[in-house]
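This report concerns only the one structure given below.
The values are calculated or read from the model by the stated rules, or taken from the named source; none is laboratory data. Here the structure is a predicted model, which is why all the values come from computation and not from measurement. Cβ coordinates were reconstructed from backbone atoms using ideal geometry, including for glycine residues, and neighbour counts include every protein chain displayed.
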Ligand code: SAM
Ligand code: SF4
């Protein structure tokens, strides 16, 4: 469906948990994390009902995220149930990869279409410092398993923060010999993200061009999101930039987000949206659910204001509670 700015909303990101087995510094506090009680988290049945309503309104693509989605039991069953929703074309997963190798066979059988694996460094000590867990080898096992899966779309997501400057070229280099997309996501000033240094698209690109030569643009698929894709001579894969701050893409934003507690969020920066879980608990029927989703989409904010003053309606949650 179209919002009042003419944007066609086709993409729903679904956070299935706020829990995580890493503590990335831009995403979660080191200590004292208060988890949402299980009773406040949407059941899989509730998620599927919301996806059905969203699909009836035009959503075609669903991405499961978190927290770390693979820490929630039985995720393949959710993948299968969402794939079976009429209208849904692709179901993919954003993960840190630690539990991916062991769960991938079941996820593939359930029909998973793609995996975005978040990886900010290939250096073990740096990984341990950035994520506060010494788990690089398990993340890499997850990546290798995903790359070996026939037909699975695999992307690597890296957030350049200044602590991983020396890793940008090695990470992009993963796409040299593999059919892989390595994307650089500008740090957004949300939650703990406002406490770290950011590297802009232009800064990252100049490092990559110094190593690999001039970049040439690659076509982008509007359904696959705001990534500006490029490649270098001799590369099999590609590099992408998702630059919400330095190259704002709000006028083509096609997504909304469902938090693990059932809040349909219409813009990453604002606390705008609708509490669908309360509606479900109160016995709302499918028509009421569709109307609530349509109403929220209609009021999707025009754009974020990452570079401006804070506003009263700004998001106060950390990214693990939103889903990225
Ligand atoms: N745990 C999974 C993972 O890390 O892929 C899924 C959830 S995580 C919140 C989703 C994505 O959000 C990750 O790629 C992470 O790097 C990114 N992210 C978290 N905080 C961010 C921030 N402040 N700015 C930009 N990206 C952020
Ligand atoms: Fe966990 Fe993902 Fe946040 Fe890292 S970015 S702490 S892996 S939810």
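The figures follow:
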{"quantity": "Test: residue in region 244-258 that is more than 21 Å from residue 50 (Cα to Cα), assigned to a loop (DSSP other than H, G, I, E, B) and either within 16 Å of ligand 2 (Cβ to nearest atom) or modelled with pLDDT of 80 or more (or both)", "calculated": "yes"}
{"quantity": "Of all residues in region 120-139 being under 20 Å from residue 155 (Cβ atoms) and touching a helix residue (DSSP H, G or I) at 6+ places or on another chain (Cβ under 6 Å), the one that is surrounded by the fewest Cβ atoms within 10 Å (Cβ to Cβ)", "calculated": "122"}
{"quantity": "Filter result for residue 175 (over 17 Å from the mean Cα position of the chain (by Cα), modelled with pLDDT under 95 and over 25 Å from residue 33 (Cα atoms))", "calculated": "no"}
{"quantity": "Among the residues listed as 58, 111, 87, 97, the single one being closer than 23 Å to residue 155 by Cα, more than 17 Å from the chain's Cα centre (by Cα) and in a loop (DSSP other than H, G, I, E, B)", "calculated": "111"}
{"quantity": "All positions within region 1-50 that are part of a loop (DSSP other than H, G, I, E, B), surrounded by 21 or more Cβ atoms within 10 Å (Cβ to Cβ) and more than 11 Å from ligand 1 (Cβ to nearest atom)", "calculated": "9, 41, 42"}
{"quantity": "Filter pass, residue 70 being in a helix (DSSP H, G or I), within 16 Å of ligand 1 (Cβ to nearest atom) and more than 24 Å from residue 136 (Cβ to Cβ)", "calculated": "no"}
{"quantity": "Some residue of region 153-167 being within 19 Å of the chain's Cα centre (by Cα), surrounded by 19 or more Cβ atoms within 10 Å (Cβ to Cβ) and part of a helix (DSSP H, G or I)", "calculated": "no"}
{"quantity": "Residue 58 surrounded by fewer than 17 Cβ atoms within 10 Å (Cβ to Cβ), under 25 Å from residue 287 (Cβ atoms) and at pLDDT 95 or above", "calculated": "yes"}
{"quantity": "Residue that is nearest to ligand 2 (Cβ to nearest atom), among those in region 104-118 that are farther than 18 Å from residue 180 by Cα and touching a strand residue (DSSP E or B) at 6+ places or on another chain (Cβ under 9 Å)", "calculated": "107"}
{"quantity": "Options 145, 172, 179; residue that is away from ligand 2 (no atom under 14 Å from the Cβ) and part of a loop (DSSP other than H, G, I, E, B)", "calculated": "179"}
{"quantity": "Number of the condition not met by residue 9 [criteria: (1) modelled with pLDDT of 95 or more; (2) closer than 26 Å to residue 181 by Cα]", "calculated": "(1)"}
{"quantity": "Matching residues, region 175-185, being more than 15 Å from ligand 1 (Cβ to nearest atom) and surrounded by 20 or more Cβ atoms within 10 Å (Cβ to Cβ)", "calculated": "175, 180"}
{"quantity": "Matching option when the condition is free of Cβ contacts under 8 Å to residues at least 40 places away in the same chain and on the phi < 0 side of the Ramachandran plot, among 119, 107", "calculated": "107"}
{"quantity": "Test result for residue 76, more than 28 Å from residue 249 (Cβ to Cβ) and within 16 Å of ligand 1 (Cβ to nearest atom)", "calculated": "no"}
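Let's see how each residue does on (1) more than 16 Å from ligand 2 (Cβ to nearest atom); (2) over 20 Å from residue 58 (Cβ atoms); (3) at pLDDT below 95:
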{"site": "234", "(1), (2), (3)": "yes, yes, no"}
{"site": "266", "(1), (2), (3)": "yes, no, yes"}
{"site": "269", "(1), (2), (3)": "yes, yes, yes"}
{"site": "276", "(1), (2), (3)": "yes, no, no"}
{"site": "282", "(1), (2), (3)": "yes, yes, no"}
{"site": "300", "(1), (2), (3)": "yes, no, yes"}
{"site": "309", "(1), (2), (3)": "yes, yes, yes"}
{"site": "319", "(1), (2), (3)": "no, yes, yes"}
